[in-house]
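Quick notes on the structure that follows.
The values are calculated or read from the model by the stated rules, or taken from the named source; none is laboratory data. Predicted model only: the values in this text are computed from it and were never measured. We place every Cβ from the backbone using ideal geometry, glycine too, and count neighbours over all the protein chains shown. SASA here: full protein model, heavy atoms, side chains in, ligands and nucleic acids out. Shrake-Rupley method; radii C 1.70, N 1.55, O 1.52, S 1.80 Å.
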Amino acid sequence: MVTTLLVVVVILAIAFDYINGFHDAANSIATVVSTKVLTPFQAVLWAALFNFAAYFYFTDHKVANTVAKTVIENYITLEVILAGLVAAIIWNLLTWWYGIPSSSSHTLIGGFAGAGMTHALLTGASPLDAVNMSYVVKIVSFIVLAPVIGMVISVVITLIIINICRYAKPATAEKWFKRLQLLSSAALSFFHGGNDAQKVMGIIATALIASKVIPDFEALPAWVPIACYSAISLGTMSGGWKIVKTMGSKITKVTALEGVAAETAGAVTLGITEHFAIPVSTTHTITGSIVGVGLVKSVSAVRWGVTINLIWAWILTIPVSATLAAIIYAGIYYFK
């Protein structure tokens with residue numbers, strides 16, 4: 001049944017997707033902007049185009065299904081989803097304001113799980129009964145694995161490129177790598193859209209199922225993916241310039257060659273995880289890839305102080321989002 005609360009939840013979910021877009025715009029455009037291949041305005045339009053293009057390719061919605069099953073269906077209510085979304089939006093806006101490239105994906109999952117666990121606790125069940133631990137363990141493990149995979153792939157790609165081009169004229173190579181960076185940034189934006197838009201699709205699906213609008217995930221209406229891909233694309237067009245600065249120059253100085261390697265490594269990693277229906281952080285993935293290209297130069301080429309601060313943000317995202325959601329849900333529960 002369509003209710004006012006359901007409409008509010010869907011609107012907030014789409015708003016979160018928009019915020020996800022401008023929060024994570026830096027993931028796709030930071031290196032292409034820092035190497036001056038595109039202007040910031042051109043870069044966000046380029047990224048947004050390929051964010052939306054993913055809609056036509058990712059039709060199985062496997063990542064969305066994983067997110068939808070994070071919380072056990074018996075503990076999902078519209079109030080739970082509302083609390084999770086509000087918590088995720090608050091943390092996303094705070095990290096955006098301070099220029100911290102945290103994970104929108106883990107913010108959303110943390111908020112959803114935290115609200116579900118609080119609902120279980122307040123209704124007399126164990127908080128752990130509310131979450132599907134096999135899915136949660138998979139998601140949490142990739143907080144570490146995604147950046148490591150991205151880093152390893154970027155190291156390998158960088159070394160291959162360096163060996164192939166060792167006799168090339170620097171000016172000619174630079175010109176070609178700037179052209180190739182258009183392709184690598186497009187690929188990263190494409191997989192970013194495919195991975196991140198699906199997470200909000202999963203949340204909207206749970207809201208529609210909880211309201212008895214649809215019987216199950218397979219009956220997801222066609223407007224949901226269109227709305228989610230549109231929202232994240234529009235958000236990307238809005239940009240997130242503070243985070244662009246962190247990703248594009250503060251971790252390590254990136255050349256066009258290294259931009260191609262990092263973006264390609266990020267795209268490959270996201271493609272692999274999407275294939276296995278794992279909702280990973282695009283932020284974590286591209287950060288690991290940028291660290292990888294820095295390591296090829298030398299360990300000292302990576303600004304480890306900045307990187308360690310980012311890792312702390314990654315570690316804190318799920319528990320902070322879960323705690324915020326727990327507080328918000330408790331308030332809704334006692335005062336509704």
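Descriptive notes on the structure:
- Relative to the longest principal axis of the Cα atoms of the chain, helix 104-122 runs at roughly 20 degrees.
- ³J(HN,Hα), Karplus 6.51/-1.76/1.60, whole Hz, each residue of segment 185-196, x for Gly, Pro: 5, 5, 4, 5, 5, 4, 6, 4, x, x, 7, 7
- Accessible area in square angstrom per residue, segment 1-84, 1.4 angstrom probe: 40 Å²
- Cross-link pairs exceeding 32 Å between alpha carbons, from the set Lys138/Lys175; Lys199/Lys336; Lys69/Lys178; Lys138/Lys178: Lys138/Lys175; Lys69/Lys178; Lys138/Lys178.
- Available extension along the chain between Gln42 and Phe276 is 81.0 nm, counting 0.36 nm per residue and deducting the alpha carbon span.
- Of all the options Ala48, Ala130, Ala168, the one that moves most in a Gaussian network model of the chain with Cα springs shorter than 10 angstrom is Ala168.
- Sum of side-chain charges, Ser104 neighbourhood, beta-carbon under 13 Å (Lys, Arg +1; Asp, Glu -1): -2
- Most mobile listed residue (Ile81, Ile109, Ile164) in the chain, GNM with C-alpha springs under 10 Å: Ile164
- The slack in the chain from Ile311 to Lys336, taken as 0.36 nm per residue of separation less the alpha-carbon distance, amounts to 5.2 nm.
- The chain - percent relative contact order, Cα under 8 Å, separation 6 or more: 38 percent
- From the coordinates of this entry, percent of Cα pairs over 30 Å apart is computed, and it appears in [x] 35; [y] 26; [z] 31 under the label [z].
- Candidates Val33, Val144, Val71, ranked by Gaussian network fluctuation over the chain, Cα under 10 Å, top entry: Val144
- Local electrostatic count, Leu38, Cβ distance below 14 Å [Lys/Arg +1, Asp/Glu -1]: +2
- Scoring 202-210, 223-231 by mean Cβ neighbours within 10 Å over their residues and listing the highest first yields 202-210, 223-231.
- Electrostatic dipole magnitude of the chain [Cβ: Lys, Arg +1; Asp, Glu -1; Cα centre; debye, to 20]: 1180 debye
- The calculated FRET efficiency for the pair Met133 and Trp176, based on their C-beta separation and a Förster distance of 56 Å, comes to about 0.70.
- Within-14-Å neighbourhood charge of Ile203 [Cβ basis; K, R +1; D, E -1]: -2
- Considering only Ile160, Ile203, Thr172, the residue lying farthest towards the positive end of the dipole of segment 133-208 is Thr172, judged by Cα position with unit charges set on Cβ.
- Cα-based reach from Lys297 at 13 Å (exclusive), listing aspartates and glutamates while leaving out same-chain residues under 8 positions away: Glu258
- Estimated distance in nm for a label pair at Leu122 and Ser141, the labels positioned 7 Å out from Cα along Cα-to-Cβ: 3.3 nm
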